[in-house]
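Below: one structure, written as structure tokens.
The values are calculated or read from the model by the stated rules, or taken from the named source; none is laboratory data. Here the structure is a predicted model, which is why all the values come from computation and not from measurement. Cβ placement follows ideal geometry from the backbone for every residue including glycine, while neighbour counts extend to all protein chains displayed.
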Amino acid sequence: MKNKISTIISILIVFLPWTIFPLRTFDWALESPMAEIIVSCYAGFMILGGIFTIISYNKAKLKTNLMKICLMINTLYAIGGAIVLGMIFIPKII
């Protein structure tokens, strides 16, 4: 049962980052401080989703084909989220 829940969560994590597109149709979401907050939150979620999927795949030994697909996609999301967070915060530090 725990394995099925982890698989379902990983599948939902694959599709959840795409919800940023309807959110960005609002004018308030395109203004400077709010846009940075939204993108930062989504990038953080993508990183955490990638970490969750990697842990679920390795620790719980969920080696199904569906989980392999989720692992690949969520790992790419995590890498992309880390790049986006770097692009946002490194110029503010330097």
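Condition first: assigned to a helix (DSSP H, G or I), more than 18 Å from the chain's Cα centre (by Cα) and of a type in the set (Lys, Arg). Can you find one or more residues in region 58-67 that meet it? Write out each step before concluding.
Within region 58-67, the first condition is being assigned to a helix (DSSP H, G or I), and the residues that meet it are 58-59, 65-67.
From what is left, the residues that are more than 18 Å from the chain's Cα centre (by Cα) are 58-59, 65.
Pick out the ones that are also of a type in the set (Lys, Arg) and you get 59.
For region 58-67, residues assigned to a helix (DSSP H, G or I), more than 18 Å from the chain's Cα centre (by Cα) and of a type in the set (Lys, Arg): present.
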Is it true that residue 43 is modelled with pLDDT of 95 or more, surrounded by fewer than 17 Cβ atoms within 10 Å (Cβ to Cβ) and within 10 Å of the chain's Cα centre (by Cα)?
no
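Yes or no: residue 19 surrounded by fewer than 14 Cβ atoms within 10 Å (Cβ to Cβ), among the polar types (S, T, N, Q) and either in contact (Cβ under 8 Å) with a residue 60 or more places away in the chain or touching a Phe, Trp or Tyr at 6+ places or on another chain (Cβ under 9 Å) (or both)?
Values: surrounded by fewer than 14 Cβ atoms within 10 Å (Cβ to Cβ): yes; among the polar types (S, T, N, Q): yes; either in contact (Cβ under 8 Å) with a residue 60 or more places away in the chain or touching a Phe, Trp or Tyr at 6+ places or on another chain (Cβ under 9 Å) (or both): yes.
Here the answer is yes, as residue 19 does meet what is asked.
From 62, 85, 71, grab the single residue that is modelled with pLDDT under 90 and surrounded by 12 or more Cβ atoms within 10 Å (Cβ to Cβ). Steps first, answer last, please.
On the way: 85 fails: modelled with pLDDT under 90; 71 fails: modelled with pLDDT under 90.
Testing whether each residue is modelled with pLDDT under 90 and surrounded by 12 or more Cβ atoms within 10 Å (Cβ to Cβ) leaves just 62.
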Odd one out for residue 6, checked against (1) surrounded by fewer than 17 Cβ atoms within 10 Å (Cβ to Cβ); (2) more than 11 Å from the chain's Cα centre (by Cα); (3) on the phi < 0 side of the Ramachandran plot
(1)
Could you check, for region 25-41, whether at least one of its residues is in a helix (DSSP H, G or I), in contact with a Ser or Thr (Cβ under 7 Å, 6 or more places away or on another chain) and touching a residue at least 24 places away in the same chain (Cβ under 8 Å)?
no
